[in-house]
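Worksheet: the structure to be examined is printed underneath.
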There are 4 protein chains.
Amino acid sequence: MGNTFGHLFRITTFGESHGGGVGVIIDGCPPRLELSETDIQVDLDRRRPGQSKITTPRKETDICEIISGVFEGKTLGTPIAILVRNKDARSQDYNEMAVKFRPSHADATYEAKYGIRNWKGGGRSSARETIGRVAAGAIAKKILKEVANVEIVGYVKQIKDLEGNINPDTVTLKEVESNIVRCPDQEMAEKMIDLIDQTRRDKDSIGGVVECVARYVPKGLGEPVFDKLEADLAKAVMSLPASKGFEIGSGFAGTLLTGSEHNDEFYIDDNGNIRTKTNRSGGIQGGISNGENIIIRVAFKPTATIGKEQKTVTSDSEETTLAAKGRHDPCVLSRAVPMVEAMVSLVLCDHLLRWHGQSKVLT
Amino acid sequence: MGNTFGHLFRITTFGESHGGGVGVIIDGCPPRLELSETDIQVDLDRRRPGQSKITTPRKETDICEIISGVFEGKTLGTPIAILVRNKDARSQDYNEMAVKFRPSHADATYEAKYGIRNWKGGGRSSARETIGRVAAGAIAKKILKEVANVEIVGYVKQIKDLEGNINPDTVTLKEVESNIVRCPDQEMAEKMIDLIDQTRRDKDSIGGVVECVARYVPKGLGEPVFDKLEADLAKAVMSLPASKGFEIGSGFAGTLLTGSEHNDEFYIDDNGNIRTKTNRSGGIQGGISNGENIIIRVAFKPTATIGKEQKTVTSDSEETTLAAKGRHDPCVLSRAVPMVEAMVSLVLCDHLLRWHGQSKVLT
Amino acid sequence: MGNTFGHLFRITTFGESHGGGVGVIIDGCPPRLELSETDIQVDLDRRRPGQSKITTPRKETDICEIISGVFEGKTLGTPIAILVRNKDARSQDYNEMAVKFRPSHADATYEAKYGIRNWKGGGRSSARETIGRVAAGAIAKKILKEVANVEIVGYVKQIKDLEGNINPDTVTLKEVESNIVRCPDQEMAEKMIDLIDQTRRDKDSIGGVVECVARYVPKGLGEPVFDKLEADLAKAVMSLPASKGFEIGSGFAGTLLTGSEHNDEFYIDDNGNIRTKTNRSGGIQGGISNGENIIIRVAFKPTATIGKEQKTVTSDSEETTLAAKGRHDPCVLSRAVPMVEAMVSLVLCDHLLRWHGQSKVLT
Amino acid sequence: MGNTFGHLFRITTFGESHGGGVGVIIDGCPPRLELSETDIQVDLDRRRPGQSKITTPRKETDICEIISGVFEGKTLGTPIAILVRNKDARSQDYNEMAVKFRPSHADATYEAKYGIRNWKGGGRSSARETIGRVAAGAIAKKILKEVANVEIVGYVKQIKDLEGNINPDTVTLKEVESNIVRCPDQEMAEKMIDLIDQTRRDKDSIGGVVECVARYVPKGLGEPVFDKLEADLAKAVMSLPASKGFEIGSGFAGTLLTGSEHNDEFYIDDNGNIRTKTNRSGGIQGGISNGENIIIRVAFKPTATIGKEQKTVTSDSEETTLAAKGRHDPCVLSRAVPMVEAMVSLVLCDHLLRWHGQSKVLT
């Protein structure tokens, strides 16, 4: 259970790190959307391992195949199945992990829950699982763009204690993609890259914060009370591997202000639209988008799998130590950027469809 | 849409602040659980307005009626319907809000989404909606206690910049309930109460952080990949009114550590159980509970409705000002404690049932 | 579980025959629909007991209260809660059934499943549970009428071996309501009434077939592959108490034809629309409405609870006999008509909204 | 939407008749079940085209590949993805159907709904879509067998007006598989085969009835009120291509009996179990299994695609005629048997898991 996400734009992912492959079924995609593998591959390439010196050297081209749901270049309205085969799987790197649990990884909990686990490369708990999300997210992004001109841009805001200075209202995809760490503050990006590089050499790992902005989101998306837009966004990104925290708008810092300081006062703009002067709400009020930019932040912990020796136990409850082999990211943040964008896109697209399915029915 | 939560232990809430009442249907409750209104009323009393000098003076006794699903003191396995009538509704306080949107409240977005809204007291966006959650949460708590001896304790961790010093591993409900702000650090609690009181006199509002711990949660709860336990917890509490951020375990602070500092090393305890020495994971690894204490934190913004005059607009797009009448909380945190506990209970109970429905079927 | 129906227009019912009451929550209703208790009461009155000499004499006025979701005569888009209190509950009639299982009723299976049951009047398995369905169905009907001018008319087609001659393409609600058995073939209706009356005097019961037609359903409703329109209709009506069979269009009789006899040939009508000359498909092809009249039939078995003595067993596994007391319908068919209409309306309304939420998004 | 089925044992199918392939994701399968492609292939072979002279000559070996969810011969508890590639696709046979709608087929309704369709071989509306169902059903069958020793046997009961004489309480899979039409009444089977053969030569088609029995189903499965076991069974089989009717137990014939004739009287059997003397209920009372054999019947219309010339229209609304090319089944019944078994298995397995997830939690 738990491998399906979304209510009208609904995805189901499958696959383990080592095995036949990974992929996704997208059910509920509106018909007649132009779509090809190329649309999807762009984001898969931003996610794939081996894309730069600061990511894991595992070589996966992650070429996707659309198996169903597209005909003569357009979506049919039927399920879109996307498959990516596993290629460069060195399962021998994982032999030790067949018996030793990696600290702060999912090895021990999968064993406790299922009484069995695919110990090669983390199986289902591998970041490789996010391929399906990113592929589906690329389609969601395209729908959002076509229907409502929505723009979604994610970027690295912080690596360990290095924080970039970025304006979410103006940042562009091009700026994000201009360096390998995906931090559009170019000066800070270089420091971040150096830090990650040093961490890799130390056989250690570091974490950080991804920020993501969605611009031109129509007013009215989000379904009170449980499916508030920020609630679904929180679930979406907190279901990504290694995420430990979520904020919308002012977030935790907002707790330090008074209501009169924090409230976003309304005004009428030059086009007669109701707008807010500030955006501490992060584009959502009462669970519903208000037309301002939606801004969220996600905390990612340092990668659990590290080369340094750590104390751990075996599946037979023996104490031991482990210095992980295998090819791992010293820092997942640059690759997490397309993942966060994908999850934000999936939520917004689903709510866009839900809005069509309720609020717009009676005219 | 969006008023149902949970997969096997599934609740649906209804009701507006002013109208016939509010309530909840609980579907999927295991049969033969002893249950009476008293079990539910305890938590409703912790949530209700007018309970102390630091909450809104609206007088609601919030007496609940179980309409169905219980027979001769035991649950039937059929839907449990719980109704709380609205009593002390002074809708005249809201006449001004029929046309003026409160800044950072849901007035404008409900209007944008639905083209209509119950402007009396915020309608569905009122915190009064949480009565159904708290009632259902009380039942979830009872199941968790009976089946697995799980303990769930929430408390105020921070009010504005005042932060309590509390040990989540040992804090008790009694300590939490020993003061009206529900901060078990008694010294800090007094300062918090003074600050809230001062804020009320200033016709302003403040926010803060609620922390919640769940102890003795069995290993194995949580459904990768989208319904990871932390993802469902995040959604659950981010669907509460005024929440702006969520953390599990080390949270945002965890991004400042290296992997070797952050990882929770395993050991074998005296009973032969696999445990972790530290708990930066917050009781969940790979989306699945690991048997350690589950610890989360939720940021609540300062209450949007304040007595101070603010700039705003009318539903006819005229700029104006508003100094809100009505009876509002200067700080929602003390009342948010049972809400957070309820949402955590609902998630854990649902996942307990899901675990029975998959992992335990083949023996 | 299992008390929620529908994907976008989603209802949850609650309540037992004897207890606080019965009702329904409707989530996903489009906002700004004019709605009052009167709209709902019409169908509840067609469903209620004691409405004529051929139904159970239990006296229930079944007056409904809208508790939430409606404001100043219009739907808010928030959950609509409807409550009907139980009044004329003579639970003493059921004392014997506290220990004796009624043959072919749900007593024994509820006991087996839940280990507990509300034995007063059948509890949740009582036909009284359908009040919530009929109330919700009345709203669905209204939406279908407003959005697409859909007409839904149900009627008694057959009582035991008495079969009416009715044209589904032209039959009107007025004709159906012109006699108490709700068979618009007036001559046959009288025979049916006499047969039911005789059966009542015999302390026995009889069953029959309800037919229901939906006219002016837009082309394109229904979601292949599992949520085909006929599949959802089948589930809807087979979830009604006492239903034993379902047919769409040619149904079982269609198995006696060859393909060349059975196929509905296409033609272009005077308005240039694609139509079928015959309608053996019953308005649905490939799970999707084709614009022709949707015609279904539902078989209802004879009422299980009868006054005649029958062999049975007790909950303590003793063999015994039972001649049921209590006030029961000798034939449920006339009251089943609004139930079938309600279920058909709920399915069509849900699929209308789903169609808006997928097929109509890209234009 | 609509391509997912089940609540805890949940499947999602994908794929069109002509394209990359078809398949299914199974989410919620209990971990540690022994499983290999062989377990699945058995039923796929019973479903596949070209298996005998009375089925379509399309040559598809329908070899399945398990892509994920199985490790070292056992299920992981993670999603099981199964893929079957399309091989013998002669899309040129369908060129005419690119513009002409086949009468009583899904061509016109898919076009109306989606504004686009894969006209090659019926696309998603092809019976080829049922491969995913049959594959998933084979796993469900295996779980039912292991956990509760449930046996599910389907067979052809009727072809056009030829009806077999079969005892559902004793019929075996071996008897069913002993002839190519899958009617265990051997004498009648020969007549059926002759009739199908003649129909094929006539370029026409015929339909019939599949009956299916589930034996040793535990008492207590089924979730009142909407997810009654017969309701979910009805939806399951009415979602199969070409189905037009559903019956459980006495079905439509039961409407001709009185209650005293129809009711299943209880008795205590030699083992002290509560049983019914007759089984007109078909193993389900009040939506819940009662431990007796579950018996259903499904009506399948004659195949829509026939070689005989019929009147039809084009997608440009021109009247025309069509004599279908392509390779089609003159009668789908023998291949429908494993499909019906699969759908019954999926429903029962899902409800078995749901029962574990609610009724069995408190002991």
Practice problem: Within region A:198-224, track down each residue that is basic (K, R) and in contact with a helix residue (DSSP H, G or I) (Cβ under 7 Å, 6 or more places away or on another chain). | Solution: A:K219
Quiz prompt | Residue tally, condition open to solvent by 30 Å² or more (accessible area, probe 1.4 Å) and touching a Pro at 6+ places or on another chain (Cβ under 7 Å), over region D:95-146 | solution = 2
Quiz item: Looking at A:D62, A:D27, which is the one that is more than 13 Å from A:R128 (Cα to Cα) and of a type in the set (D, E)?
Solution: A:D27
Practice problem: Sort out which residues of region B:301-316 are more than 9 Å from chain A (Cβ to nearest Cβ) and either within 29 Å of the chain's Cα centre (by Cα) or under 22 Å from B:R335 (Cα atoms) (or both), and write them in order of number. | Solution: B:G307
Exercise. Could you list all residues from region A:1-20 that are surrounded by fewer than 24 Cβ atoms within 10 Å (Cβ to Cβ) and more than 18 Å from the chain's Cα centre (by Cα)?
Key: A:H7, A:H18, A:G20
Quiz item: Quick one: would you say A:G23 is crowded, with 24+ Cβ neighbours inside 10 Å and either closer than 26 Å to D:G6 by Cα or of a type outside the set (D, E) (or both)?
Solution: yes
Self-check item: Output for region D:188-198, where each listed residue is open to solvent by 10 Å² or more (accessible area, probe 1.4 Å) and either over 23 Å from C:F252 (Cα atoms) or within 12 Å of another protein chain (Cβ to nearest Cβ) (or both)
Solution: D:L195, D:Q198
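Matching residues to (1) touching a strand residue (DSSP E or B) at 6+ places or on another chain (Cβ under 8 Å); (2) of a type in the set (G, A, S); (3) at positive phi:
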| site | (1), (2), (3) |
| --- | --- |
| A:T4 | yes, no, no |
| A:G20 | yes, yes, no |
| A:E34 | yes, no, no |
| A:Q41 | yes, no, no |
| A:K53 | no, no, no |
| A:T78 | yes, no, no |
Quiz item: Of A:K100, A:K113, A:K145, which residue is on the phi < 0 side of the Ramachandran plot and more than 13 Å from chain B (Cβ to nearest Cβ)?
Solution: A:K145
Self-check item: Flag for D:F266 being among the aromatic types (F, W, Y), buried (at least 24 other Cβ atoms within 10 Å of the Cβ) and in contact with a helix residue (DSSP H, G or I) (Cβ under 6 Å, 6 or more places away or on another chain)
Solution: no
Quiz item: Within the bounds of region B:278-289, is there any residue that is among the charged types (D, E, K, R) and either modelled with pLDDT under 95 or under 20 Å from the mean Cα position of the chain (by Cα) (or both)?
Solution: no
Practice problem: Please give the number of the condition A:P218 fails out of (1) within 10 Å of chain B (Cβ to nearest Cβ); (2) assigned to a helix (DSSP H, G or I). | Solution: (2)
Exercise. Determine which single condition A:R327 fails, assuming it passes every other condition in (1) open to solvent by less than 30 Å² (accessible area, probe 1.4 Å); (2) more than 10 Å from chain B (Cβ to nearest Cβ); (3) at pLDDT below 95.
Key: (1)
Quiz item: What do you reckon, is D:M339 open to solvent by 10 Å² or more (accessible area, probe 1.4 Å) and modelled with pLDDT of 95 or more?
Solution: yes
Practice problem: Taking D:N179 as meeting all but one of (1) surrounded by 23 or more Cβ atoms within 10 Å (Cβ to Cβ); (2) more than 7 Å from chain C (Cβ to nearest Cβ), write down the number of the exception. | Solution: (1)
Quiz item: What do you reckon, is D:K360 in contact (Cβ under 8 Å) with a residue 24 or more places away in the chain and not hydrophobic (A, V, I, L, M, F, W, C)?
Solution: no
Quiz item: What number of residues within region C:49-58 satisfy the criterion of being open to solvent by 50 Å² or more (accessible area, probe 1.4 Å) and modelled with pLDDT under 85?
Solution: 1
Quiz item: If you go through region A:180-199 one residue at a time, do you hit one that is within 19 Å of the chain's Cα centre (by Cα), touching a residue at least 12 places away in the same chain (Cβ under 8 Å) and over 22 Å from A:E247 (Cβ atoms)?
Solution: yes
Quiz item: Among (1) in contact (Cβ under 8 Å) with a residue 60 or more places away in the chain; (2) crowded, with 24+ Cβ neighbours inside 10 Å; (3) at the interface with chain D (Cβ under 7 Å from one of its Cβ atoms); (4) farther than 22 Å from C:E151 by Cβ, where does C:D227 come up short?
Solution: (2)
Quiz item: Looking at this structure, is C:G251 open to solvent by less than 20 Å² (accessible area, probe 1.4 Å), within 7 Å of chain D (Cβ to nearest Cβ) and free of Cβ contacts under 8 Å to residues at least 40 places away in the same chain?
Solution: no
Self-check item: Elements of type strands (runs of 3 or more DSSP E) contained in region A:232-328, each with 3 or more residues being closer than 30 Å to A:V99 by Cβ
Solution: A:310-313, A:319-322
Quiz item: Can you tell me which residues in region D:1-58 are free of Cβ contacts under 8 Å to residues at least 12 places away in the same chain and either away from chain C (no Cβ under 12 Å) or part of a loop (DSSP other than H, G, I, E, B) (or both)?
Solution: D:M1, D:G2, D:N3, D:T38, D:G50
Exercise. Considering every residue within region B:116-135, establish whether at least one is within 12 Å of chain A (Cβ to nearest Cβ), among the hydrophobic types (A, V, I, L, M, F, W, C) and within 30 Å of B:R32 (Cβ to Cβ).
Key: yes
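Yes/no per residue for (1) of a type outside the set (A, V, I, L, M, F, W, C); (2) crowded, with 24+ Cβ neighbours inside 10 Å:
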position: B:N279; (1), (2): yes, no
position: B:G282; (1), (2): yes, yes
position: B:I288; (1), (2): no, yes
position: B:R297; (1), (2): yes, no
position: B:F300; (1), (2): no, yes
position: B:K308; (1), (2): yes, no
position: B:V344; (1), (2): no, yes
position: B:D350; (1), (2): yes, yes
Self-check item: The listed residue being closer than 23 Å to A:P338 by Cα and either in contact with a Phe, Trp or Tyr (Cβ under 9 Å, 6 or more places away or on another chain) or β-branched (V, I, T) (or both), out of A:I284, A:I274
Solution: A:I284
Quiz prompt | Those residues of region A:59-84 which are part of a loop (DSSP other than H, G, I, E, B), open to solvent by 30 Å² or more (accessible area, probe 1.4 Å) and at the interface with another protein chain (Cβ under 9 Å from one of its Cβ atoms), in sequence order | solution = A:E72
Quiz item: What residue, among those in region D:97-117 that are more than 26 Å from the chain's Cα centre (by Cα) and touching a residue at least 12 places away in the same chain (Cβ under 8 Å), is farthest from A:F71 (Cα to Cα)?
Solution: D:K100
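The values are calculated or read from the model by the stated rules, or taken from the named source; none is laboratory data. Bear in mind the structure is a predicted one, so any value in this text is a computation, not a measurement. Cβ: placed from backbone, ideal geometry, glycine included. Neighbour counts: every protein chain shown. These accessible areas exclude ligands, DNA and RNA; they are computed on the full protein's heavy atoms, side chains included. Shrake-Rupley method; radii C 1.70, N 1.55, O 1.52, S 1.80 Å.
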